[in-house]
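Take a look at the structure below.
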Amino acid sequence: ISQLYSMVKFGKIKRCWELREKNVLFLDMKNCDKISSCINFEWTCDFALTLYVITHLNILNTTLQGKNIYEHDMIMELNSFRMKLKLFVEQIKKEEMKSFPTLKLLNNIPQNKYEVYEKKLFALLTEFQKRFKDFDKIETF
């Protein structure tokens, strides 16, 4: 996870997405035995969603660590992210791709993936709410 975070921090995961087809060709030329997971369409869908969610988490993280950010700004950012997650869950449930540009690029997403993504996004939302529940107490003052 720390390697994945550092890749996101430097924008490398987005670049990996952009080069995914060339990466498959390279692995094929090198006779890599792990190529089957890279050309699996369901894996590509998973990667597209993961990229998008991690990008939003990275933006939140960077914002919260910024200079001159006050408590009320942090609460506003956390609430905003929570609302984004709720929106993501609802849109995946309705099979709408408005908020998922990387997934939108892929056609014919397997039907079973929507339910899987809904559960994973809901689990992320639940975990997020648990971890930041103390901010709800502060907000009521």
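The residues in segment 28-47 that are assigned to a helix (DSSP H, G or I) and at pLDDT below 85 can be counted, and the count is 12.
Scanning segment 93-141 for residues that are among the acidic types (Asp, Glu) and at pLDDT below 85 turns up Asp134, Asp136, Glu139.
The condition of being of a type in the set (D, E, K, R) and closer than 23 Å to Lys130 by Cα does not hold for Asp46. The set of residues in segment 58-80 being touching a residue at least 12 places away in the same chain (Cβ under 8 Å) and over 17 Å from Lys133 (Cβ atoms) consists of Asn58, Thr63.
Any residue in segment 103-121 that's part of a loop (DSSP other than H, G, I, E, B): show its pairings with residues that are exposed (fewer than 12 other Cβ atoms within 10 Å of the Cβ) and among the aliphatic types (A, V, I, L, M) at Cβ separation under 6 Å, as long as the two are six or more apart or on different chains. If the second residue must be exposed (fewer than 12 other Cβ atoms within 10 Å of the Cβ) and among the aliphatic types (A, V, I, L, M), no pairs are left.
The values are calculated or read from the model by the stated rules, or taken from the named source; none is laboratory data. These numbers were taken from a predicted model, which means no experiment stands behind them. Methodologically, a virtual Cβ is constructed for each residue, glycine included, from the backbone with ideal geometry; neighbour enumeration extends over all protein chains shown.
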